Amino acid sequence: AFYRNTTYVNVAYAAKASATTQLAGHGASAATDGDVRTSWMSADDGNQLLELDLGRPRLLTGYRIAWEGCGRAATSYALTGSVDGVVRATLDSVRYTSPRSPLDATGREDTALLQGDASRPVRFVQLVMSGRRASALGLCDQYGVRELELFGVSEHAGECEGFEFPQLVVCLLYTSDA
C-alpha cells in the first residue's frame, strides 16, 4: 500500500544475491547492481531460484523485474519473502498463459504493487522461476534478469544522498500523492 507523503526506495539495490546456477560473467549480484546493462543468467533452463538478502527486515510495497531479452523471461514465477530465511510466504505469483510474446525478444518488464498480506516486512526474498520460458528465437536456454527491484518505505529522507548516476536513478526516490 502507498501512503501520502511517504518516500519509497529500491531496497534491493546492492543486496547480497545468490542463485541456483549462473553463467560465467553473469553472477547473481548483477540483478541488483543498478545497471540494466548487466544481468544475472542461469546456467540452464530448469527451475531456478534467485535469492536476495536485504540485510534486515524491510516493508515491501512493490517490485519490478526487468527480464533479459531473447525470450529469457520466465512464464511462471513466484516472489516469496521471509524474515528468518526459513518460513516463507508468497508475496506474488505470476503465470503467463500465452507461451510467446513479441516483447520477450527485447526483454519484458513485470511490475506490481504488493497489497494486503503481501505487503509485509521481509529480509530474504526469492524469485522462483519455473515453467517454459517464452523464447522468441528458440535459442536461449537460460533465464535472465537485468534488474530485480523491490520497493519499500524509506526509513529516512536522505536514503539516496551520495548516490551518483546510474545508482541515483535506481534509488527511485519518489513520493506518492495517493
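The values are calculated or read from the model by the stated rules, or taken from the named source; none is laboratory data. A quick note: this is a predicted structure, and the numbers were derived from the prediction, not measured. Neighbour counts are summed over all protein chains in view; Cβ atoms, including those assigned to glycine, are modelled from backbone coordinates with ideal geometry. With ligands, DNA and RNA removed, areas are computed over all heavy atoms of the protein, side chains included. Shrake-Rupley method; radii C 1.70, N 1.55, O 1.52, S 1.80 Å.
So the values come out like this:
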read-out: Neighbourhood charge, 13 Å Cβ-Cβ cut-off, centred on residue 37 and excluding it, Lys, Arg +1 and Asp, Glu -1; value: -3
read-out: Residue 113 accessible area, assembled protein chains, probe 1.4 Å, Å²; value: 100 Å²
read-out: Charge-dipole axis of the stretch 1-88 as Lys and Arg at +1 and Asp and Glu at -1 on Cβ define it, positive-most pick from 12, 79, 62; value: 62
read-out: The stretch 6-46, relative contact order [Cα under 8 Å, separation at least 6], %; value: 37 percent
